[in-house]
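Notes follow once the structure below has been shown.
Read-outs: derived from the displayed coordinates by stated rules, not from any lab. Predicted model only: the values in this text are computed from it and were never measured. Note that each Cβ is placed from the backbone with ideal geometry, even for glycine, and that neighbours are counted across all protein chains shown.
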Amino acid sequence: MNISFENPDKVNGLLTITVEEADFKDSVEKTLKDYRKRANIPGFRPGQAPMGLIKRQFGVSVRYDAVNKFVGEQLYKYIQDNNIQMLGEPLPSEKQETPADIEKPAPYTFVFDVAVAPEFKIELNGRNKIDHYTIKADDKLIDEQVEMFQSRAGKYEKAEEYDAEKNDLLKGDLRELDAEGNTKEDGITVEGAVLMPSYIKVDEQKDLFKGCKPGDIITFNPRKAYPEGEAEISSLLKIDREVAKTLESDFSYQVTEIQRFAKAELGQELYDQVFGEGEVKSEEEFRNKIAETLKPQLEQNADYKFMIDVRKYCEDKVGDLTWPDALLKRIMLLNNKDKGEDFVEKNYDESIKQLKWHLIKEQLVKAQNIKIEDADVKAAAVEMARMQFAQYGMTNVPDEYVENYANELLKKREAVDNFVERAIDIKLAAALKAAVTLNEKEVTLEEFNEMMK
């Protein structure tokens with residue numbers, strides 16, 4: 001066997017491998033002997049078929065498999081041993097005019113195009129100054145969180161008169177009317193229909209419900225109320241959408257009940273519901289606890305912005321790079337056969353941006369000696385589980401439930417890959433914050449969100 005590698009322009013490599021008969025002969029003979037032991041050929045006892053017959057039936061395919069396996073192993077071994085930073089997969093070279101004919105005796109020559117990563121070096125230390133934001137939990141943010149908890153713990157209560165500004169909910173009986181305004185025989189009837197007039201699209205129809213009380217009968221037209229709302233009409237009247245498209249009738253609506261949403265009052269019941277019994281005993285403690293629980297998420301947001309700034313800083317520092325464009329486009333097309341060349345041309349520039357950051361990030365991770373253990377991946381899954389619970393206002397979930405949910409998330413292969421990346425980002429952000437000089441800035445969440453637009 002002989003391997004040579006040419007890399008004149010540093011990014012387009014040409015790897016040539018010549019295979020001799022001796023390189024794969026033993027593998028072929030061993031495989032054919034195994035075939036003979038298992039072969040069940042008419043006229044011969046199992047394992048007793050002549051080797052010549054086995055070779056005629058299976059020899060060519062076994063040679064193909066043995067040669068391909070040998071070439072693949074030696075190709076990747078050479079790339080690894082010589083520390084070639086390959087991008088994507090090696091592709092059969094278009095420069096090889098005559099493909100190897102494995103049905104003929106060796107030697108066989110194979111030529112591969114290899115996309116090589118551009119050479120650059122990026123290092124971050126105390127001489128590098130990068131912005132780092134601290135997001136403060138100001139009164140406005142805490143007020144919003146308090147109102148959110150009050151709303152989530154709130155409930156509907158009966159009201160005596162409809163108030164549009166309070167988004168009251170009505171319950172009542174709907175009946176389809178004929179042209180004279182009488183209840184239509186065999187018309188559409190819905191008892192206990194729920195209606196929120198504040199969501200009606202047309203003011204003229206919406207105003208019909210102003211100040212109504214239980215027992216009042218309002219005549220309105222669903223088609224006029226929701227001019228392009230077949231979904232709303234079919235849901236309200238419990239009819240098929242196709243029927244809703246042609247419905248023009250007026251309806252009477254007799255109000256049987258008015259419900260008004262009332263937020264939970266600040267007090268011990270709410271404090272216990274949000275943070276657990278006895279954990280918080282006053283409004284001040286409640287607000288302080290909210291600020292405390294917000295801190296990890298705000299720090300995550302700040303770290304996310306920090307890594308965005310790190311990325312831009314590093315990309316600017318590295319500058320423009322030379323890429324094996326033609327070869328990378330071939331690889332991209334091979335991986336997206338069903339999408340065609342237009343897809344490659346449209347998405348190539350963005351893929352190069354992502355590839356550049358991937359290579360930079362690899363160097364940063366290596367320079368900071370970051371290693372990811374199973375515990376780091378588990379921690380990232382637990383973090384995600386807590387965030388998902390928090391989205392539903394569940395801030396006091398027992399560790400056992402969080403861990404069980406995290407374990408369920410870890411059963412999905414795609415999720416595990418995401419958690420590995422998340423674990424890398426967490427460790428890299430922490431390492432770089434300690435390595436570089438931070439240009440500290442304090443902002444409110446509102447200012448931060450505006451900046452992140």
First select every other residue whose beta carbon is under 14 angstrom from the beta carbon of D34; then total the charges, Lys and Arg +1, Asp and Glu -1.
+3
Rounded to 0.05, the calculated FRET efficiency for the beta carbons of E283 and E421 at R₀ = 45 Å is 0.65
What does the net charge come to around E21 if you take all other residues with beta carbon closer than 12 Å to its beta carbon, with K and R at +1 and D and E at -1?
-1
Given the stretch 166-248, what count of lysine pairs have C-alpha atoms under 13 Å apart, with each pair 8 or more places apart or on different chains?
5
So, in Å, what gap is there between the alpha-carbon centers of the stretch 17-41 and the stretch 137-162?
76 Å
Rounded to the nearest 10 degrees, what's the angle between the helix 399-409 long axis and the longest principal axis of the chain, both from Cα atoms, 0 to 90?
50 degrees
Give me the lysines in straight-line cross-link reach of K30: C-alpha distance below 22 Å, same-chain residues under 8 apart excluded.
K55, K69, K104
Measuring from a point 7 Å past the Cα of E446 along Cα-to-C-beta, which residues in the stretch 119-151 have an amide N at less than 17 Å?
135-148
Residues meeting the amide H criterion for D250 (H placed from the backbone, H to H distance under 5 Å, 5 or more places apart or on another chain) are L177
I need the calculated FRET efficiency for the pair M86 and L333, taking r as the beta carbon distance and R₀ as 22 Å, to the nearest 0.05.
0.80
Expected output is a single nm value to one decimal: the length gained when fully extending between E157 and T183, i.e. 0.36 nm times separation in residues minus the C-alpha distance. What is it?
6.2 nm
Alpha carbon convex hull of the stretch 1-106, volume per residue in cubic angstrom
124 Å³
Taking a ≥ b ≥ c as the square roots of the Cα gyration tensor eigenvalues, with a/c under 1.5 meaning rounded and otherwise prolate when a/b beats b/c, else oblate, which class fits the stretch 379-453?
oblate
Return the sequence-ordered ³J(HN,Hα) values of the stretch 90-96 in whole Hz as given by the Karplus equation 6.51 cos²θ - 1.76 cosθ + 1.60 applied to θ = phi - 60°, using x for Gly and Pro.
x, 10, x, 6, 6, 7, 7
Which of L236, F220, N182 sits closest to the plus end of the dipole of the stretch 155-262, meaning its Cα is farthest towards the positive end, when Lys and Arg get +1 and Asp and Glu get -1 on the C-beta?
L236
How tilted is helix 139-152 with respect to the longest principal axis of the chain? Cα atoms for both, answer in degrees (0 to 90, nearest 10).
80 degrees
Using alpha-carbon positions, what is the distance between the centroids of the stretch 398-414 and the stretch 228-305, in Å?
27 Å
In whole Hz, with x marking every Gly and Pro, tabulate ³J(HN,Hα) for the stretch 171-182 from phi via Karplus 6.51 cos²θ - 1.76 cosθ + 1.60, θ = phi - 60°.
10, x, 10, 9, 9, 6, 10, 8, 5, 8, x, 9
Compactness summary of the chain: radius of gyration and Dmax from Cα atoms, Å, are 35.1, 100
Using modelled backbone amide H atoms (1.01 Å from N, in-plane), which distant-in-sequence or interchain residues come within less than 5 Å of A153's amide H?
A264
Lys and Arg at +1, Asp and Glu at -1: add these up for the other residues within a Cβ distance under 14 Å of M384 and post the number.
-3
Just name one of P197, T437, M51: the one whose Cα is farthest towards the positive end of the charge dipole of the chain (beta-carbon charges, Lys/Arg +1, Asp/Glu -1).
M51
Place +1 on the Cβ of every Lys and Arg and -1 on the Cβ of every Asp and Glu in the stretch 2-116, take the dipole about the Cα centre, and give the residue among V11, P42, G88 whose Cα lies farthest towards its positive end.
P42
5 angstrom amide H check on D216, placed H, neighbours 5+ away:
V255
So what are the ³J(HN,Hα) numbers for the stretch 431-447, from phi and the Karplus equation (6.51, -1.76, 1.60; θ = phi - 60°), rounded to whole Hz, Gly and Pro as x?
5, 6, 4, 7, 8, 8, 8, 8, 8, 6, 9, 10, 9, 7, 5, 4, 5
Angle between the Cα long axis of helix 340-367 and the longest principal axis of the chain, 0 to 90 degrees, nearest 10?
80 degrees
